[in-house]
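Laboratory data are not the source of any read-out in this text; all were calculated from the coordinates shown. Only a predicted model underlies this, so the values are computations on that prediction, with no experimental measurement involved. A quick note on method: Cβ atoms are made from the backbone with ideal geometry, for glycine too, and the neighbour counts reach across all protein chains shown.
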Amino acid sequence: MADLTALESKIGEVLGLAMAAQDATAKVGKLVEEEGGHDDLRSTLQRMAKEAKETEERTTDLASELDGKKTAILEKARETKQEATEMMSTYLSDDADALDGFEFLTMAEAGEVGHWQVVGTMNERAQLPGLQELVRWAEPIQQRHFQQTLEGSVELAADEDPNEPA
């Protein structure tokens, strides 16, 4: 397998995070559904999953253009997805509720925003063809996902009884 540059490794990470985001939105969607109501939040999660899938596709397409690096980038993506999945399993245990799910997604989306900004900054020097365009497309989506998950967390928190035993 080809050795990756620091930037190519980061591309693998954002790809893996996009893969993990699809699973995370599905899991949190089930938690929201179990509690009932909040159709707006379920719709948001469905849209986020579609955009994560498109991010995965676009990033995989870009990796295909990097001579001999696609396999190694995909391996890095799978490692990152596995790490993110383990974090989700730890955070969202069997007794997790929708608020726990949205809090997890808020953290995850903040991480994705940061990763895309790092990729964009590193590419200012590397100038990989097509990458800056992908960053300009993905970063605002990730910013919106972060904002939406934060707002969802606050919406769900407003429904909670703060005096109820945890």
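For a paramagnetic label modelled at 7 Å from the Cα of S93 toward its Cβ, which residues of region 134-166 fall within the zone defined by backbone nitrogen distances under 14 Å?
166
Out of A96, A126, A84, whose Cα points farthest toward the positive end of the dipole of region 6-158 (charges: +1 Lys, Arg; -1 Asp, Glu; placed on Cβ)?
Farthest along the dipole direction, towards plus: A126.
Within the set of other residues whose C-beta is less than 14 Å from the C-beta of S64, count the net charge using Lys and Arg as +1 and Asp and Glu as -1. Mind dumping the intermediate values first?
Working: positive: R58, K69, K70; negative: E8, E56, E57, D61, E65, D67.
That works out to -3.
Please give the direction-averaged projected area of the C-alpha convex hull for region 72-138, in square nanometres with one decimal.
Orientation-averaged projected area of the Cα hull: 5.4 nm².
With a Förster radius of 30 Å, plug the Cβ-Cβ distance of E86 and Q117 into 1/(1 + (r/R0)^6) and report the FRET value to the nearest 0.05.
Details: r = 24 Å, r/R0 = 0.80.
Working from the Cβ atoms, E equals 0.80.
Which of the lysines could be linked to K76 by a straight reach, that is with a Cα gap under 20 Å, when you skip same-chain ones fewer than 8 residues away?
K10, K53
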